[in-house]
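Data first, discussion second: the structure below is written as structure tokens.
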């Protein structure tokens with residue numbers, strides 16, 4: 001391997017001589033390898049969300065920043081609320097997020113469902129009768145969990161696993177029978193998060209988006225069940 005000593009020295013001229021030598025001959029520098037932390041915590045510029053004056057302006061903001069094809073809604077206040085929520089999630093995850101293609105908002109105060117995600121049409125549906133941001137965070141948690149984990153379809157409820165064509169319930173059974181973990185999840189997140197690993201990840205993601213601090217026990221479970229952006233989100237937990 002040929003090394004241009006002078007070139008390396010000049011590239012590192014801002015360092016003291018001792019540091020120059022150590023950096024030039026570090027394994028990562030000679031081989032052109034990035035440290036793992038460089039990939040996770042690279043320089044990030046937060047996205048600033050400005051209140052739009054019209055529905056079309058708000059939709060254009062979503063298209064440019066989140067690649068959304070459309071926000072299907074007739075109320076400017078709700079679209080602005082969605083864009084504000086998307087910005088918060090984008091910044092919380094240092095830009096490392098996948099977003100749906102379409103967000104549809106309806107209002108039905110008699111429905112017990114606050115929203116859902118259709119993976120085929122890549123559409124998130126939000127019930128405006130509930131907290132839009134909370135539901136948005138929950139569903140985007142599901143989307144990114146599916147992207148980050150090859151086992152996502154085996155982490156739903158038993159009926160969901162069967163409907164996906166699987167008969168392997170080992171991850172579900174392990175999660176449900178972890179009594180200590182179930183107690184921690186019920187105490188810190190919510191009871192619904194105990195229903196499956198997938199719901200635990202989505203509810204935890206939602207809780208962090210709403211500014212709640214969770215313990216390192218919850219963080220370890222979040223990592224174990226392959227929650228998205230665990231290392232980026234780690235500072236939001238009470239981790240040792």
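Structure summary
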{"read-out": "Length released on extending from residue 121 to residue 159, taking residue separation times 0.36 nm less the Cα-Cα span", "value": "11.5 nm"}
{"read-out": "Mean Cβ neighbour count within 10 Å, used as a protection proxy, ranking 95-105, 55-65 highest first", "value": "95-105, 55-65"}
{"read-out": "Sorted by Cβ density within 10 Å, fewest first, the residues 44, 200, 219", "value": "44, 219, 200"}
{"read-out": "Ranked by how many other beta carbons lie within 10 Å on average, peptides 130-141, 225-236 from highest", "value": "130-141, 225-236"}
{"read-out": "Equivalent ellipsoid semi-axes - Cα gyration tensor, region 151-238, angstrom", "value": "22, 13, 11"}
{"read-out": "Dimensions in Å of region 55-147 - Rg and Dmax from alpha carbons", "value": "12.2, 37"}
{"read-out": "Theoretical gain in end-to-end length, residue 57 to residue 178 [0.36 nm per residue, Cα-Cα removed]", "value": "38.7 nm"}
{"read-out": "Mean separation of Cα contacts under 8 Å, 6 or more apart, over the residue count of region 103-240: relative contact order %", "value": "20"}
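Since every read-out is calculated from the coordinates, none of them should be taken as a lab result. Nothing here was measured: the structure is a model prediction, and the numbers come from that model. Backbone-built Cβ (ideal geometry, glycine too); neighbour counts: all protein chains shown.
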